[in-house]
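Nothing in this text is a laboratory measurement; each read-out follows from the coordinates by a stated rule. Only a predicted model underlies this, so the values are computations on that prediction, with no experimental measurement involved.
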Amino acid sequence: MGESRESVTIRLADYSAGFEENAQKPIISYINCDGFLEKECTNVAQCNTFEDITVDCGMGNPGAIGLLFQASNSGRIQNVSFSAQGSYCGIITGFGTEVSINNVTCSGFSYGLVAPNTSICVLQDVIASDIAISAVYSWNGVMVCNNVCHGKLPLITFEEGNGLYYIDDRSNSFLGELYGNNV
């Protein structure tokens with residue numbers, strides 16, 4: 001937990017070794033294992049939080065992930081900014097993560113959030129800007145979006161599989177489209 005996202009910044013140096021194309025390597029990680037996209041790596045993840053910080057992936061780090069987050073039973077990411085100049089994603093969630101993401105900005109990534117095998121993900125007051133592909137890339141699980149601003153890019157892209165998505169469009173933030181094989 002930082003003091004505020006304006007006063008605390010964690011920044012990856014430009015052109016850092018190990019963050020090349022397809023590396024998918026996190027700057028900050030709540031999981032310590034290889035192959036985090038394919039399997040559960042830990043079951044000690046109750047009530048994890050990440051708050052009041054800016055994470056800057058720098059320039060020339062296309063394989064960088066701002067935060068690899070694992071939580072169960074009430075995880076929270078709040079008051080955080082993620083920025084990059086062409087990195088993979090701001091946030092990626094670990095296997096079975098249940099998380100509330102509030103008051104978060106993501107800018108300069110291919111994806112704002114990648115949610116593989118996530119159980120429940122609630123996004124509220126999230127701004128995705130200068131994103132190359134979509135604000136959210138989801139494999140399956142339950143996704144609730146309320147007041148997610150994403151310009152004219154797709155809100156969610158997802159892989160074929162099981163998934164339930166609820167979008168609250170009262171804020172008129174849904175300007176993109178849903179893409180995937182099971183729409």
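What the table below lists for this structure:
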item	result
Percent of C-alpha pairs per 5 Å bin, the range 101-140, short to long	7, 25, 29, 26, 12, 1
Diffusion coefficient, µm² s⁻¹, Stokes-Einstein with Kirkwood Rh over alpha-carbon pairs of the range 53-107 at 37 °C and 0.692 mPa s	285 µm²/s
